[in-house]
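Beneath this line is the structure, given in structure tokens, with notes to follow.
The values are calculated or read from the model by the stated rules, or taken from the named source; none is laboratory data. Computed from a prediction, not measured in an experiment: that's the story for all the values here. As a convention, Cβ positions derive from the backbone with ideal geometry for all residues, glycine included, and neighbour counts pool all protein chains shown. Ligands, DNA and RNA are stripped out before the accessible areas are found, and what is left, the full protein with its side chains, is counted by its heavy atoms. Shrake-Rupley method; radii C 1.70, N 1.55, O 1.52, S 1.80 Å.
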Amino acid sequence: MSKPEHKDPFLQQVQATLERSAQTLDDATLRELRQARYTALEARQRRPAWLLPMGGLAAAATVAVFSVSLWLAAPQPGVNEQLPLEDLALLEDSESLEFYEDLDFYLWLDDEQQDAG
Amino acid sequence: MPTGQSGPGLARIEHTGYTACRRTALDNSAALDHFLASVERRAYRLALIATSNHEDALDIVQDAMLRLARRYADRDAEEWGPLFQRITQSVIRDWYRRNAVRNRFRQWLGGKPAQDGEAEPGEDPLEARVASADPEPGVQLQQQQAMAQLDAALHRLPLRQQQVFLLRQWEGLSVRDTAQAMGCGEGSVKTHFSRALKALRAELQDYWQMNEQQEIR
């Protein structure tokens, strides 16, 4: 992995400043990062098997609701409504769909964290 | 002549197999823990520069870690780095989209859009971001100022320029790996990097040189 223009003094200074900023994070942030890591490792080991089919059901329900909404919200002839393109891009984004697919998991994780807290 | 094993022999083999699997799983968990520990600080800083918000940056790192752990933990450890970069970029883009929609709703409702990077009343953003690690207060203050200047300049860049610059310059990713992480073409990576560098030079070079001269005096 080659770094661009690594001999440029300006870029060296940028590099050093960024590196220093990561190495001098405060203790509270480091604790929170450690906690985030433990949560991720724990979630990987403790995901209940019964949640697996729920993801598919949630995704199907989301697509169904979205389709019906689009059908009901179809513009009437003569009404020149401009489509909110950015919102449409958000809705059709694959990552967002993944979020809805995993909604049950995030709800479970939230319950776990509330129980732990 | 026995055709297969049964009874205690089979149980022992099963137990040995279970132990080996469990050991592999534990090794894998330890390796993943080690990997995440090695990338968490930079990931947080990358997200913080993108969002200018501590809580949002932590959420982004948490989300990226969860996705990696749940979906790709069984992949080769060598693949975790590029995967984590890609996931982090994806989560940052999601945050941007959600934030844009939220701000549009706020404006529609007559409110003021949230200004990311706004410090809480009475909170010193430098205090919140940087711990005191240098024994010399003068040097420490100068480093903090340089960091704050760099953070602000990076934050003012368009998101793609900002993240391409950080991935190339700080994470040391190649043009190809950066393009994969960002989900864009290699030509775009070069263009974004070049524009980001030009903007940062214009904004910071004079300021940093001036500081160096003051330090020499």
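Based on the Kirkwood radius over alpha-carbon pairs, what is the Stokes-Einstein translational diffusion coefficient of the stretch B:38-103 at 25 °C with 0.890 mPa s viscosity, in µm²/s?
Translational diffusion coefficient: 203 µm²/s.
Given a 1.4 Å probe and the protein chains all in place, what does the accessible area of B:His54 round to, in Å² to the nearest 10?
Surface open to solvent at B:His54 totals about 60 Å².
Taking 40 Å² as the minimum loss, tell me which residues in the stretch B:157-190 lose that much accessible area going from the chain by itself to the full protein complex (1.4 Å probe).
B:Arg168, B:Gln169, B:Trp170, B:Gly172
Interface A/B, total buried accessible area with a 1.4 Å probe, nearest 100 Å²?
Interface between A and B: roughly 4900 Å².
Take peptide B:46-55, look around each residue's Cβ out to 10 angstrom, count Cβ atoms belonging to other protein chains, and average those counts.
Mean shielding by partner chains, rounded to a whole number: 1.
Take every residue in peptide B:58-68, count the Cβ atoms of other chains within 10 Å of its Cβ, and give the average of those counts. Present the calculation step by step, with values, prior to reporting the outcome.
Working: counts 5, 1, 1, 5, 8, 4, 2, 9, 10, 4, 2.
That works out to 5 on average.
B:His155 label point, 7 Å along Cα→Cβ, cut-off 18 Å on backbone N: hits in the stretch B:76-95?
Answer for the stretch B:76-95: B:92-93, B:95.
Run the numbers for B:Val139 and B:Ser194: contour at 0.36 nm per residue of separation, minus the present Cα-Cα distance, in nm.
16.7 nm
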